[in-house]
Amino acid sequence: VMDPSAPKFMGQILHKLIGTPPYRRELMLEKVLVVGMVQDPVRDAWRRELVTRFRTEFDKFDPAHQVEVRFQEESSNGHNKMMELVLFSSGDPSIFSHLTDFTNLLYKSSGIRGQVKSVENGIFNYIPEFKASFVSTHRTYDQRSSLEQWMAQQSLGRQTIFQFDVNVVKGKISVGDKVWVYRKSGWEKGVVEKEKPDGMLSIALDDVKKSKRIVAPLNRIRKIDKKHKNGKQRPLPADEIKAKLHDALKALDRYGFSGADTVLHTDLGKGSLIVCFWSRGSIVLAWDGKNNIDVNLFSSEDSKRIASNFEMFFLEQVPFVKTALRDEQPRGIGEVVNFQDDLRSRGKTPYWALGETELQDTT
């Protein structure tokens, strides 16, 4: 048991001793119990780590368990006291029943409730000539409900979710590059001074009055094209992005999306919402006014081709974006989870629903 007043260096000494094989053989008996009290999660973090080392370095194999128990003492004034007990047990296969008896006894005698927060086991030992008490086969599992769902589902369309990034940086941003950085007041020019360990960039802003530095993530930084030495290539303003997005969706009718009817909503903060309906589906485009465009495309035809055509068209019409994510799922009835292409083989019983004899016939 670790003394609650013991300093950290005492734990370091103990770890060093146990880490030496001769001392470990002398100190580590057939049954071992190590207990540490954690009253302050920051100050006493070394106690939890020391107990963890017993499980990961000194006694790795079952029966070995690391358990964290949280205790709470309830008071009448509502100020409950909390503490944690971290323990490592080795050689005791009945640790859980002993732990239950301990927490019950503590509650009855003092009113302090104990709750097991986490349990981590040791590595399973090799069992020579192991014989399983029960062997399951394919026939063991009842596949009827799954087969009923498979036969009942009906795909009526396909939904595709796109995420596009706006104003994509071409090429890596390096120290010394001139950039635009986005702030609450808008875009400001600056120079990259250094890269932080967490990936953030330190930017020295161009300010004739005083030197000012900020830290910003990559998604708020745009590299200035060297062709524009005066730095006038400011990222596209919001009104221009709204116009280009609207024009792109209005042009859908000329790209095979016959009868497309588009409505633009611009009274939604700095961004915009564009809704488009055509004869075989709908498109909802939402721009957050900054760097993200989300597109929800539904087609009554369960085909990848329509979503692929839209993506190719959109990237051609709006050259300042790139695809960050594309996710597709079927839409229909009967708890549909499969696309129409997957369901074309429903005339035959699926492989996973075959009985034992039928499985043997297929091999």
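The values are calculated or read from the model by the stated rules, or taken from the named source; none is laboratory data. Treat the numbers as computed from the prediction; the structure is a model and nothing was measured. Because the Cβ atoms are built from the backbone with ideal geometry, glycine has one as well, and the counts that use them run over all protein chains shown. Heads up: the accessible areas ignore ligands, DNA and RNA and are worked out on the full protein's heavy atoms, side chains in. Shrake-Rupley method; radii C 1.70, N 1.55, O 1.52, S 1.80 Å.
Identification of strands (runs of 3 or more DSSP E) wholly contained in segment 271-315 with 2 or more residues that are closer than 28 Å to ASP342 by Cα and of a type in the set (Asp, Glu) yields no element.
Looking only at residues in segment 262-282 that are surrounded by fewer than 14 Cβ atoms within 10 Å (Cβ to Cβ) and not small (Gly, Ala, Ser), the one that is nearest to ARG344 (Cα to Cα) is VAL263. Selection of first residues in segment 54-65 that are assigned to a helix (DSSP H, G or I) and of second residues that are surrounded by 13 or more Cβ atoms within 10 Å (Cβ to Cβ) and among the charged types (D, E, K, R), restricted to Cβ pairs under 8 Å at least 6 apart or on distinct chains, gives the following pairs, ordered by first then second residue: ARG55/GLU120; PHE58/ARG24.
Would you point out which residue out of SER89, SER97, SER118 is in contact with a Leu (Cβ under 7 Å, 6 or more places away or on another chain), polar (S, T, N, Q) and open to solvent by less than 90 Å² (accessible area, probe 1.4 Å)?
Residue meeting the stated conditions: SER89.
Just wondering, is there one or more residues in segment 132-141 that are modelled with pLDDT of 85 or more, assigned to a strand (DSSP E or B), more than 25 Å from ASP294 (Cβ to Cβ) and open to solvent by 50 Å² or more (accessible area, probe 1.4 Å)? No; the residues of segment 132-141 include none that is modelled with pLDDT of 85 or more, assigned to a strand (DSSP E or B), more than 25 Å from ASP294 (Cβ to Cβ) and open to solvent by 50 Å² or more (accessible area, probe 1.4 Å). Is there a residue in segment 94-113 that is part of a strand (DSSP E or B) and under 19 Å from PHE71 (Cβ atoms)? Yes, segment 94-113 contains a residue that is part of a strand (DSSP E or B) and under 19 Å from PHE71 (Cβ atoms).
Counting only residues that are under 18 Å from ILE95 (Cα atoms) and either open to solvent by less than 20 Å² (accessible area, probe 1.4 Å) or without any contact (Cβ under 8 Å) to a residue 60 or more places away in the chain (or both), segment 30-53 holds 7 of them.
Filtered by the rule that a residue be of a type in the set (D, E, K, R) and surrounded by 12 or more Cβ atoms within 10 Å (Cβ to Cβ), segment 104-115 gives a lone residue, ARG113. Would you be able to tell me the number of residues in segment 250-274 that are in contact with a helix residue (DSSP H, G or I) (Cβ under 9 Å, 6 or more places away or on another chain), of a type in the set (A, V, I, L, M) and modelled with pLDDT of 80 or more? Counting residues in segment 250-274 that are in contact with a helix residue (DSSP H, G or I) (Cβ under 9 Å, 6 or more places away or on another chain), of a type in the set (A, V, I, L, M) and modelled with pLDDT of 80 or more gives 1.
Scanning segment 283-333 for residues that are open to solvent by less than 50 Å² (accessible area, probe 1.4 Å), modelled with pLDDT under 90 and closer than 27 Å to SER146 by Cβ turns up ASP302, SER303.
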